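These notes are about the structure you will find just below.
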Amino acid sequence: MSRSEQICKLIIAAILRGELADNRKLPTEVELANRYGASRTTIREALSRLRSEGVVVSRRGSGNYVQRLPMDEQQARPQLGSIHDVERYYAFRLCVEVGAAQIASAARTEADIAAMRTAHQALNRAQLSGGTCVDEDLALHMAIARASHNPFFISTIGNALGPIRQCMELAQNLGRPHAAERIDIVDAEHLAIIQAIADGSAECAGEAMRIHIDNARQRIFEGG
C-alpha cells in the first residue's frame with residue numbers, strides 16, 4: 001500500500017469517527033501534512049483519490065470539504081474475485097450508469113455540463129502526461145452521476161468506484177500495446193456521452209453510455 005493510500009484511509013477513519021463531519025471543511029494541506037507526517041504531494045494524492053470517490057469536494061478558493069460519509073470499511077462489500085465477477089459487474093454498470101446518463105440528460109444544469117467538460121479536460125491532460133488516468137476517469141464518471149441529481153444514483157455509483165478502478169486498471173494493463181489508439185477511442189466515447197447529456201437526449205445519452213461500458217468490457221475480455 002502506498003503512503004497516499006495510507007493517508008486516504010486515515011482521513012476516512014477520521015471522518016467515520018466524527019472528527020471530520022459531513023459538509024465540514026477539511027484541514028489545509030499543510031495541516032494534514034503535519035497531522036500525518038507526510039509531504040504535501042502525498043496529501044494531494046490522497047485528496048485526489050477522495051475527490052474521485054465522491055467523499056471530498058473541492059470548492060474553488062475555499063478548500064476541501066467532506067461531501068458525504070464514506071461506507072464503514074468494516075461493512076461487507078462485493079469483491080471482484082473471478083472473471084465471472086467481472087462479467088456480472090459490467091452487467092451491473094450497464095443497468096446503473098446507463099440509467100444515470102439518461103436521467104442526467106433531463107436533470108443536468110449548465111454547471112453540471114461545465115463540471116463534466118472540466119473533468120474531461122483533466123482526463124485529457126492526465127493522458128498527455130502519460131499517467132494512469134484512473135482517478136481522472138473516475139472523476140468524470142462521478143460528474144456524470146452527479147448530473148442526474150438523484151442521490152441514489154450518486155451514492156450507488158460512488159460506492160462502486162473501487163471495482164470500477166480495478167476494471168480500469170486491468171483494461172490498461174492488458175491494452176498497453178495499443179495505448180495511443182485506445183486513448184483516442186475512449187476519448188470519443190466519453191465525448192459522445194457528455195454531448196448527448198448536454199443536448200438533453202436521454203436516448204442518445206443512454207446509448208452512448210451503453211456503448212462505452214460494453215466496449216470497456218470488451219477491452220478486458222477481447223483485447224479490443
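Readers should treat all values here as calculations from the given coordinates under stated rules, not as data from a laboratory. Just so you know, these numbers come straight off a predicted model, no measurement behind them. Cβ placement follows ideal geometry from the backbone for every residue including glycine, while neighbour counts extend to all protein chains displayed.
Annotations for the structure displayed:
- Long-range HN-HN contacts of Gln67 with modeled amide H, under 5 Å: Asn23, Val56, Val57
- HN-Hα J in Hz across region 148-165 - Karplus 6.51, -1.76, 1.60, θ = phi - 60°, x for Gly and Pro: 6, 6, 10, x, 6, 5, 4, 5, 5, 5, x, 6, 9, 5, x, x, 4, 4
- The local environment of His149, defined by Cβ-Cβ distances under 14 Å, has a net charge of 0 under the rule Lys, Arg +1 and Asp, Glu -1.
- Low-density loop positions, GluC sites (Glu not before Pro), region 84-169 - DSSP coil, at most 10 other Cβ in 10 Å: none
- Scaled to the globular estimate 2.2 N^0.38 Å, the Cα spread of region 93-145, given as radius of gyration, is 1.21.
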